[in-house]
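Step one of this worksheet: look at the structure below.
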Amino acid sequence: MKILVLNCGSSSVKYKLIDTADNSVLAEGGVEKIGLNDGFLKYKKNDGSKAVIELGLVDHNGAVQAILNLLTDPAEGCIKSYDEIDAVGHRVVHGAEKFSESVLINDEVKDMIKQCYDIAPLHNPANMTGIDAITTLMPGKPQVAVFDTAFHQTMPAKSFLYALPYKYYEDDGVRRYGFHGTSHRYVSQRVCEFLGVDSKDQKIITCHVGNGGSITAVDGGKSVDTSMGLTPTEGLMMGTRVGDVDPGALVYLMLKHNLSATDLQKIINKESGMAGVTGISSDMREIEAAVNAGDERAILGLAMYEQRILKYIGAYAAEMGGVDIIVFTGGVGENQTSLREAVCEPLKFMGVEIDKELNSGIRGKEAVVSTAASKVKVVVIPTDEELMIARDTEAIVSKK
């Protein structure tokens, strides 16, 4: 099947057209600055080079229309008509407890996605715009929703509940849901294929480390704990998100500085993390350059960033009663060799031995970076959420 995968944000739409016969990517790109006067579509040309089409002011319908126009363009496109697209798979960030797996989209599913708006006000409405756009532009075309939260629905209550009055869980759904589930699911499956082992026998810790980051404990192929919570702000220190913080500290700041809930949301989501601590950037490449130049706050920020990853790996190894495989993925996990080494070095006590020379040469490709003597395999697996979405979409549409 040819599956169009859409990832719709509030001001962007990313896409890939994937042929599931051989998992090849036929086209990819994205529209940015939706709703502004300088919107544009950037894409990869057939020869591998990159190009940009100026769109001006477009809404999500216009963005999806521009993508479909490009896909069918006689010179730049890769298909002759929309009919060649068999189905569309959508990334949907939050499924709460309503969805434990990917589903074929119908009116009932749309209503249930909308019921999650209050939990994910920044993400789910944007995801719905893509669903609505395809419904308008390609009526009758099968669509599938793949949820970031679905993989984590196997967590036990002791892992997902907060120690708040139980009524807030019963009445308001306040609990840990976790995110990056599609990525954690993909890499935990792929690493077992790569190593030739059965996932049912493996205790795996998957580290999705990028501008956003989360760590998941995967026992026997199922998520049993994860670092993100009700929202993506909990857990690791991230590019601009705060991660774990004493809620009393937030209350203190709100009272001291007369901050509104909106003010606090901006601080913990947009102004914290690496950018907030270093005062430099949320981009790890810029942080590394500053570290190499001796910037003290950059050195501190990186040490904090690495320590949080280390702490969660240790906690999840204890929780599962051991670990067989540690996986690094995401933009930072796949490419920042020094971070992998810094995180793994203190884990020698539990049999982790990283091959420093081998690790230093691995960026963005599948590889075992632990030594042959290591009791725990340390593996780099580039994530491919779009392929996971395409596979789910094909499987569900094939059952119709």
inquiry  = I'd like the accessible area for residue 253, computed on protein heavy atoms only with a 1.4 Å probe and all protein chains in place. Round to 10 Å², please.
reply    = 70
note = For the chain (alpha-carbon point model, no solvent) the Debye-based log₁₀ I(q)/I(0) at q = 0.09, 0.14 Å⁻¹ works out to -0.57, -1.39
remark   = Relative to the compact-globule estimate 2.2 N^0.38 Å (N residues), the Cα gyration radius of region 307-381 stands at a ratio of 1.00
ask   = Top mean-square fluctuation among 206, 329, 154, Gaussian network model of the chain, C-alpha springs under 10 Å?
value = 154
inquiry  = Please give the charge dipole size of the chain, origin at the Cα centre, charges +1 on K and R Cβ atoms and -1 on D and E Cβ atoms. Round to the nearest 20 debye.
reply    = 300
message = Loop-only chymotrypsin sites (Phe, Trp or Tyr not before Pro) in region 155-243, please: DSSP not H, G, I, E or B, and at most 16 other Cβ atoms within 10 Å.
response = 162, 166
note = Simple spin-label estimate for residue 360/residue 189, 7 Å along Cα→Cβ, in nm, reads 3.7
inquiry  = Can you give me the C-alpha center-to-center distance between region 93-150 and region 330-371, rounded to a whole angstrom?
reply    = 37
Region 93-212: Lys pairs at Cα distance under 20 angstrom, eight or more positions apart or on different chains = 7
query = What is the ratio of the Cα radius of gyration of region 192-258 to 2.2 N^0.38 Å, where N is its residue count, to two decimals?
reply = 1.53
task = Quick one: work out the % antiparallel among DSSP beta bridges in the chain, nearest 5.
result = 70
ask   = Which Cα, out of 204, 218, 258, lies furthest along the positive dipole direction of region 183-337 (beta carbon charges, K/R +1, D/E -1)?
value = 258
inquiry  = In Å and on Cα atoms, what radius of gyration and Dmax does region 133-201 show?
reply    = 17.5, 46
message = Order 285, 297 by their accessible area, 1.4 angstrom probe, all chains in place, largest first.
response = 285, 297
inquiry  = Over region 232-278, what is the relative contact order in percent, taking alpha-carbon pairs closer than 8 angstrom and at least six residues apart?
reply    = 49
key: Per residue value of the accessible surface for the chain (all protein chains in place, 1.4 Å probe), Å²   = 45
query = Debye sum, Cα scatterers, region 46-199, no solvent: what log₁₀ I/I(0) at q = 0.11, 0.15, 0.16 1/Å?
reply = -0.59, -0.96, -1.03
task = With a ≥ b ≥ c taken as the square roots of the eigenvalues of the C-alpha gyration tensor of region 37-96, please select rounded if a/c is under 1.5 and otherwise prolate if a/b is larger than b/c or oblate if it is not?
result = oblate
query = Relative contact order for the chain using alpha-carbon pairs under 8 Å, separation at least 6, rounded to a whole percent?
reply = 14
inquiry  = Rolling a 1.4 angstrom probe over the protein chains, ignoring ligands and nucleic acids, what is the accessible area of residue 199 in square angstrom, nearest 10?
reply    = 40
Within the chain, helix-based [θ] at 222 nm, where runs of 4 or more DSSP H residues each add -39,500 (n - 2.57), nearest 500 = -11500 deg cm²/dmol
remark   = Inter-part gap, Cα centre of region 216-256 to Cα centre of region 1-30, in whole angstrom, is 30
query = Within a Cβ distance under 15 Å of residue 259, other residues only, what is the Lys/Arg minus Asp/Glu net charge?
reply = +1
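The values are calculated or read from the model by the stated rules, or taken from the named source; none is laboratory data. Note that this is a predicted model, so its numbers are computed, not measured. Cβ: placed from backbone, ideal geometry, glycine included. Neighbour counts: every protein chain shown. Surface areas here come from the heavy atoms of the whole protein model, side chains and all, with no ligands, DNA or RNA. Shrake-Rupley method; radii C 1.70, N 1.55, O 1.52, S 1.80 Å.
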